[in-house]
Amino acid sequence: MGHEIESVAKSRRHEIVGIYDIDKPLSLEDLKAKSPDAIIDFTQPDTVVANVKIYAGAKIPTVIGTTGWDAEVPKVKKMIEDAGIGCVIGSNYSIGVNLFLKIVASASKLIDAADYDIFITEAHHRMKKDFPSGTALRISEAVLSGSTSKTKAISELQQGEAISAESILISSIRAGAITGTHTVGFDSEEDTIELTHRAKSRRGFALGAVRAAEWIAGKKGFYRFEEHISEILGG
């Protein structure tokens with residue numbers, strides 16, 4: 001993702017003033033000295049809080065594309081607000097995925113009265129550490145927003161346990177170099193309807209993240225990419 005973000009940013013005539021990774025750790029002093037308009041974070045779930053503490057200390061607007069840290073969102077939101085800077089978080093910065101979420105919500109509402117069961121599958125490369133994916137969780141929220149028969153999403157079952165009627169099971173695959181595939185299925189005794197989003201490369205994620213960085217520069221507040229995508233793309 002770092003290479004893709006760098007490529008997209010340069011193609012949009014931005015200057016990259018700093019790149020931080022395991023070989024060149026982020027520091028408050030260096031970030032203050034470089035004073036970028038925004039910083040884009042695609043790191044690891046266990047580093048997000050520590051990283052945001054530095055971004056807040058340097059008062060740099062931030063875009064976070066790292067997933068798997070949902071439990072820390074209230075803490076990060078408070079740090080951002082206390083620092084008086086802007087932050088965009090997102091489970092997926094693909095414009096197509098965010099259109100897909102809207103399609104899924106509409107489909108779920110439309111199909112709700114037709115007595116279909118619902119399932120979600122997601123597949124990613126073998127190095128992805130969190131499961132289910134953040135995008136799959138957002139998809140489950142989109143499904144639940146339109147369904148009256150389903151009330152929760154689960155990602156694990158005990159051996160011998162059957163799924164409850166009110167639950168949606170999210171199944172995860174980790175293999176090879178799969179960029180990201182998400183499917184929502186609506187199944188009945190008569191037929192199956194499936195909606196699938198399949199990422200062809202990481203460039204779409206990078207483009208969304210760079211567009212978010214352009215938008216958040218100079219703003220204050222805590223935003224979710226999927227909730228503000230129309231403003232971000234329009235800005």
Flag if K102 is in a helix (DSSP H, G or I), in contact (Cβ under 8 Å) with a residue 12 or more places away in the chain and open to solvent by 20 Å² or more (accessible area, probe 1.4 Å): yes
Long-range neighbours under 6 Å by Cβ, at least six apart or interchain, first residue under 16 Å from S145 (Cα atoms) within the range 158-172, second open to solvent by 80 Å² or more (accessible area, probe 1.4 Å): E166/T151; S167/K152
Complete set of residues in the range 153-184 that are more than 25 Å from A107 (Cα to Cα) and either assigned to a strand (DSSP E or B) or of a type in the set (K, R) (or both): R174
Extreme residue, farthest from I89 (Cα to Cα), among residues of the range 124-142 that are out of contact with any helix residue (DSSP H, G or I) (no Cβ under 8 Å at 6 or more places or on another chain) and surrounded by fewer than 20 Cβ atoms within 10 Å (Cβ to Cβ): R126
Test result for K200, surrounded by fewer than 16 Cβ atoms within 10 Å (Cβ to Cβ), over 19 Å from K109 (Cα atoms) and in contact with a strand residue (DSSP E or B) (Cβ under 6 Å, 6 or more places away or on another chain): no
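So that you can scan it fast, the table gives a plain yes or no per residue for (1) touching a strand residue (DSSP E or B) at 6+ places or on another chain (Cβ under 7 Å); (2) without any contact (Cβ under 8 Å) to a residue 60 or more places away in the chain; (3) of a type in the set (A, V, I, L, M); (4) farther than 22 Å from N92 by Cβ:
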residue	(1), (2), (3), (4)
H3	no, yes, no, no
V8	no, no, yes, no
R12	no, no, no, no
E29	no, yes, no, yes
D37	no, no, no, yes
G57	no, yes, no, yes
T66	yes, yes, no, no
Qualifying position, being among the acidic types (D, E) and open to solvent by less than 70 Å² (accessible area, probe 1.4 Å), among E231, E214, E190, E194: E214
Flag for V97 being buried (at least 20 other Cβ atoms within 10 Å of the Cβ), part of a helix (DSSP H, G or I) and either touching a residue at least 40 places away in the same chain (Cβ under 8 Å) or touching a Pro at 6+ places or on another chain (Cβ under 9 Å) (or both): yes
Top-ranked residue of the range 55-94 - restricted to ones that are modelled with pLDDT of 95 or more and part of a loop (DSSP other than H, G, I, E, B), ranked as most open to solvent (accessible area, probe 1.4 Å): K59
Residue in the range 113-143 that is modelled with the lowest pLDDT, counting only those that are more than 18 Å from the chain's Cα centre (by Cα) and part of a helix (DSSP H, G or I): A113
Some residue of the range 174-193 being among the aromatic types (F, W, Y) and modelled with pLDDT of 95 or more: yes
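The values are calculated or read from the model by the stated rules, or taken from the named source; none is laboratory data. Bear in mind the structure is a predicted one, so any value in this text is a computation, not a measurement. Positions of Cβ are generated from backbone atoms using ideal geometry, with glycine treated the same way; all protein chains shown enter the neighbour counts. Remember, those area values only see protein heavy atoms, side chains included, never the ligands or the DNA or RNA. Shrake-Rupley method; radii C 1.70, N 1.55, O 1.52, S 1.80 Å.
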